[in-house]
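The values are calculated or read from the model by the stated rules, or taken from the named source; none is laboratory data. Keep in mind it's a predicted model, so treat the numbers as computed, not measured. Positions of Cβ are backbone-derived with ideal geometry, glycine not excepted, and every protein chain shown enters the neighbour counts.
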Amino acid sequence: MTKKKILVIDDLVGMTHLLKRNLEATNRYIVRTENTAAKSVAAAREFLPDLIILDIMMPDASGDEIAARIKQDNRLNHIPIVFLSAIIKKEEVQSSGGHVGGLTILAKPVKLDDLINCIEGKLEGPARPAN
(Lines give C-alpha, C1' and ligand atoms only; values in the text may rest on other atoms or scores of the structure.)
Protein backbone atom coordinates (compact mmCIF):
# COMPACT_ATOMS: atom_id res chain seq x y z
CA MET A 1 0.00 0.00 0.00
CA THR A 2 1.34 3.42 -0.95
CA LYS A 3 1.37 5.88 1.92
CA LYS A 4 -0.71 9.01 1.38
CA LYS A 5 0.82 12.42 1.96
CA ILE A 6 -0.89 14.76 4.41
CA LEU A 7 0.00 18.40 5.08
CA VAL A 8 -1.04 19.66 8.52
CA ILE A 9 -1.22 23.46 8.83
CA ASP A 10 -1.73 24.81 12.35
CA ASP A 11 0.01 27.61 14.26
CA LEU A 12 0.28 25.39 17.35
CA VAL A 13 3.51 23.40 17.07
CA GLY A 14 2.32 20.93 19.71
CA MET A 15 -0.83 20.21 17.69
CA THR A 16 1.01 19.61 14.43
CA HIS A 17 3.59 17.43 16.21
CA LEU A 18 0.85 15.35 17.86
CA LEU A 19 -1.08 14.89 14.61
CA LYS A 20 2.09 13.98 12.71
CA ARG A 21 3.16 11.43 15.30
CA ASN A 22 -0.28 9.82 15.59
CA LEU A 23 -1.01 9.71 11.86
CA GLU A 24 2.43 8.36 10.95
CA ALA A 25 2.10 5.70 13.67
CA THR A 26 -0.69 4.15 11.59
CA ASN A 27 1.87 3.41 8.84
CA ARG A 28 -0.62 4.79 6.28
CA TYR A 29 0.56 8.37 5.95
CA ILE A 30 3.57 10.59 5.41
CA VAL A 31 2.90 13.83 7.25
CA ARG A 32 4.49 17.23 6.80
CA THR A 33 3.67 20.11 9.11
CA GLU A 34 3.62 23.87 8.65
CA ASN A 35 3.07 26.35 11.47
CA THR A 36 2.81 29.64 9.59
CA ALA A 37 0.09 30.68 7.21
CA ALA A 38 2.62 32.65 5.15
CA LYS A 39 4.53 29.47 4.25
CA SER A 40 1.54 27.14 3.95
CA VAL A 41 0.80 27.47 0.23
CA ALA A 42 4.49 27.17 -0.65
CA ALA A 43 4.68 24.05 1.53
CA ALA A 44 1.68 22.58 -0.31
CA ARG A 45 3.28 23.33 -3.70
CA GLU A 46 6.52 21.65 -2.65
CA PHE A 47 5.00 18.62 -0.87
CA LEU A 48 1.97 18.10 -3.16
CA PRO A 49 -0.07 16.35 -0.47
CA ASP A 50 -3.02 14.05 -1.04
CA LEU A 51 -4.94 15.92 1.68
CA ILE A 52 -4.55 19.08 3.78
CA ILE A 53 -5.64 19.44 7.40
CA LEU A 54 -6.02 23.16 8.09
CA ASP A 55 -6.65 25.17 11.24
CA ILE A 56 -9.14 28.03 10.87
CA MET A 57 -7.73 30.55 13.36
CA MET A 58 -4.09 31.41 12.76
CA PRO A 59 -2.32 34.66 13.67
CA ASP A 60 -1.18 35.69 10.18
CA ALA A 61 -4.16 34.52 8.07
CA SER A 62 -7.40 32.64 8.50
CA GLY A 63 -7.86 29.09 7.32
CA ASP A 64 -10.47 30.15 4.79
CA GLU A 65 -7.98 32.61 3.26
CA ILE A 66 -5.38 29.85 2.97
CA ALA A 67 -7.98 27.47 1.52
CA ALA A 68 -8.95 30.11 -1.06
CA ARG A 69 -5.30 30.51 -2.12
CA ILE A 70 -4.96 26.76 -2.45
CA LYS A 71 -8.16 26.49 -4.49
CA GLN A 72 -6.90 29.24 -6.85
CA ASP A 73 -3.70 27.33 -7.60
CA ASN A 74 -4.10 24.95 -10.56
CA ARG A 75 -1.52 22.54 -9.12
CA LEU A 76 -3.31 22.37 -5.75
CA ASN A 77 -7.02 22.98 -6.31
CA HIS A 78 -7.88 19.27 -6.50
CA ILE A 79 -6.47 18.55 -3.02
CA PRO A 80 -9.16 17.92 -0.39
CA ILE A 81 -9.03 20.24 2.62
CA VAL A 82 -10.32 19.37 6.07
CA PHE A 83 -10.67 22.19 8.59
CA LEU A 84 -9.71 21.27 12.15
CA SER A 85 -10.61 24.00 14.62
CA ALA A 86 -11.29 24.79 18.25
CA ILE A 87 -13.62 27.68 17.35
CA ILE A 88 -16.46 25.30 16.59
CA LYS A 89 -18.00 22.76 18.94
CA LYS A 90 -18.73 19.14 18.04
CA GLU A 91 -22.47 19.86 18.32
CA GLU A 92 -22.14 22.70 15.79
CA VAL A 93 -20.23 20.42 13.43
CA GLN A 94 -23.00 17.84 13.64
CA SER A 95 -25.75 20.43 13.08
CA SER A 96 -23.94 21.82 10.02
CA GLY A 97 -23.51 18.35 8.52
CA GLY A 98 -19.77 18.64 9.08
CA HIS A 99 -19.27 21.30 6.40
CA VAL A 100 -18.50 25.02 6.39
CA GLY A 101 -18.29 26.87 3.10
CA GLY A 102 -18.38 23.58 1.23
CA LEU A 103 -15.38 22.21 3.13
CA THR A 104 -15.33 19.51 5.78
CA ILE A 105 -14.74 20.64 9.35
CA LEU A 106 -13.82 18.74 12.50
CA ALA A 107 -13.83 20.19 16.02
CA LYS A 108 -10.77 20.09 18.26
CA PRO A 109 -10.11 17.97 20.14
CA VAL A 110 -10.74 15.20 17.64
CA LYS A 111 -10.46 11.49 18.26
CA LEU A 112 -7.83 9.84 16.10
CA ASP A 113 -10.35 7.31 14.76
CA ASP A 114 -12.70 10.12 13.71
CA LEU A 115 -9.86 11.97 12.00
CA ILE A 116 -8.70 8.85 10.15
CA ASN A 117 -12.27 8.06 9.06
CA CYS A 118 -12.59 11.59 7.69
CA ILE A 119 -9.21 11.38 5.92
CA GLU A 120 -10.02 8.03 4.36
CA GLY A 121 -13.44 9.26 3.25
CA LYS A 122 -11.83 12.24 1.52
CA LEU A 123 -9.08 10.14 -0.08
CA GLU A 124 -11.63 7.71 -1.52
CA GLY A 125 -13.35 10.57 -3.34
CA PRO A 126 -13.37 11.20 -7.10
CA ALA A 127 -10.25 10.49 -9.14
CA ARG A 128 -7.75 13.32 -9.08
CA PRO A 129 -5.49 14.57 -11.86
CA ALA A 130 -1.90 13.37 -11.99
CA ASN A 131 0.69 15.87 -10.75
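Structure notes:
- Selection count, segment 64-76, where residues are assigned to a helix (DSSP H, G or I), touching a residue at least 12 places away in the same chain (Cβ under 8 Å) and aliphatic (A, V, I, L, M): 3
- Scope segment 6-23; condition surrounded by 16 or more Cβ atoms within 10 Å (Cβ to Cβ) and closer than 13 Å to Ile116 by Cα; matching residues: Ile6, Leu19, Lys20, Leu23
- Those residues of segment 59-73 which are under 13 Å from Leu103 (Cα atoms) and hydroxyl-bearing (Ser, Thr, Tyr), in sequence order: none
Yes/no matrix, rows are residues, columns are (1) out of contact with any Pro (no Cβ under 6 Å at 6 or more places or on another chain); (2) among the aliphatic types (A, V, I, L, M); (3) modelled with pLDDT under 95; (4) surrounded by fewer than 16 Cβ atoms within 10 Å (Cβ to Cβ):
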position	(1), (2), (3), (4)
Ala25	yes, yes, no, yes
Arg32	yes, no, no, no
Thr36	yes, no, yes, yes
Leu48	yes, yes, no, yes
Leu51	no, yes, no, no
Asp60	yes, no, yes, yes
Glu65	yes, no, yes, yes
Asp73	yes, no, no, yes
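- Yes/no for Glu91 being farther than 18 Å from Ile119 by Cα, part of a helix (DSSP H, G or I) and modelled with pLDDT of 90 or more: no
- Within segment 17-40, no residue satisfies the criterion of being among the acidic types (Asp, Glu) and assigned to a loop (DSSP other than H, G, I, E, B).
- Scanning segment 47-63 for residues that are in a loop (DSSP other than H, G, I, E, B) and in contact (Cβ under 8 Å) with a residue 60 or more places away in the chain gives Leu48, Asp50.
- Restricting the first member to segment 102-115 and to residues that are assigned to a loop (DSSP other than H, G, I, E, B) and modelled with pLDDT of 80 or more, and the second to residues that are of a type in the set (Val, Ile, Thr) and buried (at least 17 other Cβ atoms within 10 Å of the Cβ), the beta-carbon pairs closer than 9 Å and six or more apart or on different chains are Lys108/Ile88.
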